[in-house]
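The values are calculated or read from the model by the stated rules, or taken from the named source; none is laboratory data. Predicted, not measured: the structure shown is a model, and the values here were computed from it. Positions of Cβ are backbone-derived with ideal geometry, glycine not excepted, and every protein chain shown enters the neighbour counts.
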Amino acid sequence: MHDPWAALRLPDYRRFLTAHFTTTLGIQIQGVVVAWQMYLDTRDPLALGLIGLAEALPNIATALFAGHVADRMDRRRLALIATATLLLCSLALAFLAGLEGDAARHRILGAYLVIAISGVARAFLQPARTALAAAMVPRELQANAVTWRSTTWQLGAVIGPAIGGVLNFLIGAQGSYLVDASLIVVAFGALTQIEFRRVPAAATLVEPILESLSAGIRYLRGQQILLGAMTLDLFSVLFGGAVALLPIFAADILHVGAWGLGILRSAPAAGAVLMSLWLAWRPPMRRAGRALFLAVAAFGLFTIAFGLARTLWLSTLCLVLIGAADMISVVVRSTLLQLLVPDHLMGRVTSVNQIFVGSSNEIGSFESGLAARLIGTVPSVLFGGGMTLLVVGGTWRWAPKLREVGRLDDVGR
């Protein structure tokens with residue numbers, strides 16, 4: 001019988017999820033406050049895009065090396081180092097928010113610098129966490145574990161923006177950043193309590209560093225299923241980055257202010273949480289490949305609908321449906337990654353996935369900000385949704401093995 005709570009019965013995995021949740025919550029609070037401050041200070045859509053670019057470029061530049069390191073040291077230790085760096089970044093943002101007078105003019109440049117450093121920290125944190133989670137969970141529980149991990153992330157993404165908007169209103173930016181830092185401290189403590197220890201097999205191999213750095217790319221070349229799933233996510237997120245423009249919708253189109261921005265930012269994650277709970281409770285998908293294509297197509301359609309909406313309730317509903325569709329994509333892709341990739345390559349393949357998918361969020365934010373400046377906010381959202389549908393059609397033709405994937409439990413057997 002299907003046990004929806006199977007992965008949660010593992011004590012170490014519960015500690016892992018605690019760290020995952022509190023880190024996500026803190027990062028989401030930070031993201032809302034940074035975006036709102038930046039837009040109010042500049043009134044420039046491009047400034048919102050530059051926030052994403054400031055994080056994405058350092059992330060991409062260090063991702064392959066981060067994967068190499070994750071396959072050669074204790075992944076828990078690497079996650080602790082990266083989490084400690086995120087804590088320092090939160091404290092730095094709190095310091096910058098407290099600057100007044102002439103010193104305040106350095107706040108924007110300083111914020112971009114701190115965001116860049118956090119991008120490097122997250123480049124190391126992602127492969128370390130993914131590889132650690134994959135190693136501590138038995139194969140038969142991987143799909144269930146991925147669903148709960150995604151649920152945890154999305155739950156933080158639901159609560160985080162709302163809390164960030166409220167905190168920003170009640171205690172200001174500096175206080176909000178200190179709350180963010182407190183959550184990162186909790187995450188650090190949870191990671192220290194994880195008992196699982198295993199240095200990956202690659203740590204004992206003598207391999208030239210350039211070969212090691214490119215190992216993840218070489219592996220993916222022969223994996224049409226994984227490469228196809230990553231391609232779908234890459235371009236859908238790249239062109240469907242409407243979330244980056246939410247401060248503009250809140251301030252200038254829907255006229256709902258900071259509290260409305262918190263609702264809009266929470267809506268995609270709310271849809272994702274509802275979908276993830278449904279996925280955890282139901283038996284595994286029988287046609288996961290087709291479900292992935294349909295989910296990404298729905299993501300594009302609901303993005304177009306969001307661009308056309310002019311009321312808060314309808315815009316929120318569209319964002320909820322966007323989050324629900326995206327959640328299906330996340331679960332299928334992440335489960336494929338953990339089932340198909342051998343442990344000694346997990347860090348390096350995850351780092352490539354981070355470049356494909358994780359950084360595409362930030363680059364997509366830059367693309368959305370630039371497009372909004374060039375052709376207008378609403379046309380840029382409509383363009384992004386349309387391009388997502390074109391990507392779905394192209395990948396359907398190019399990756400037949402992906403659309404033929406059945407039950408995730410049977411993949412790679």
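Against the test of being modelled with pLDDT of 80 or more and either farther than 30 Å from Val381 by Cα or outside any helix (DSSP H, G or I) (or both), the options Val206, Val185, Val199 yield a single qualifying residue, Val185. Only a single item in (1) out of contact with any Pro (no Cβ under 7 Å at 6 or more places or on another chain); (2) closer than 20 Å to Arg15 by Cα is not met by His106, and it is number (2). Residue check: is Val146 touching a residue at least 24 places away in the same chain (Cβ under 8 Å) and surrounded by fewer than 24 Cβ atoms within 10 Å (Cβ to Cβ)? No; evaluated as a whole, the condition is false for this residue.
If I filter the stretch 384-399 for residues that are at pLDDT 80 or above and more than 16 Å from Asp233 (Cβ to Cβ), do I get at least one hit?
yes
For (1) part of a helix (DSSP H, G or I); (2) within 23 Å of Leu25 (Cβ to Cβ); (3) among the basic types (Lys, Arg); (4) at pLDDT 85 or above, each residue gets a yes or a no:
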residue	(1), (2), (3), (4)
Ala116	yes, yes, no, yes
Leu141	yes, no, no, no
Val146	yes, yes, no, no
Thr152	yes, yes, no, yes
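If you filter the stretch 1-28 down to residues that are within 19 Å of Ile194 (Cα to Cα) and of a type in the set (Gly, Ala, Ser), you find that the one that is surrounded by the fewest Cβ atoms within 10 Å (Cβ to Cβ) is Ala6. Applying the condition of being farther than 22 Å from Leu308 by Cα and either in contact with a helix residue (DSSP H, G or I) (Cβ under 7 Å, 6 or more places away or on another chain) or touching a residue at least 24 places away in the same chain (Cβ under 8 Å) (or both) to the stretch 256-281 and asking which residue is surrounded by the fewest Cβ atoms within 10 Å (Cβ to Cβ) yields Trp281. Looking only at the stretch 228-247, residues that are within 16 Å of Pro400 (Cα to Cα) and among the polar types (S, T, N, Q) come to 1 in all. Here Gly364 meets the list (1) buried (at least 24 other Cβ atoms within 10 Å of the Cβ); (2) at pLDDT 75 or above; (3) not β-branched (Val, Ile, Thr) almost entirely, failing just condition (2).
Just so you know, in the stretch 41-75 the residues that are surrounded by fewer than 24 Cβ atoms within 10 Å (Cβ to Cβ) and of a type in the set (D, E, K, R) include one that is nearest to Ala371 (Cα to Cα), and it is Asp44. The set of residues from the stretch 219-255 being surrounded by 21 or more Cβ atoms within 10 Å (Cβ to Cβ), of a type in the set (Gly, Ala, Ser) and either over 19 Å from Ala288 (Cβ atoms) or modelled with pLDDT of 80 or more (or both) comprises Gly228, Ala229, Gly240, Gly241, Ala242, Ala244, Ala250. Within the stretch 294-335, if we keep just the residues that are closer than 21 Å to Arg407 by Cβ and either of a type in the set (Lys, Arg) or surrounded by fewer than 21 Cβ atoms within 10 Å (Cβ to Cβ) (or both), the residue that is nearest to the chain's Cα centre (by Cα) turns out to be Arg333. Of the candidates Thr350, Thr335, Thr316, the single residue that is closer than 30 Å to Ser380 by Cβ, among the polar types (S, T, N, Q) and either touching a residue at least 12 places away in the same chain (Cβ under 8 Å) or outside any helix (DSSP H, G or I) (or both) is Thr316.
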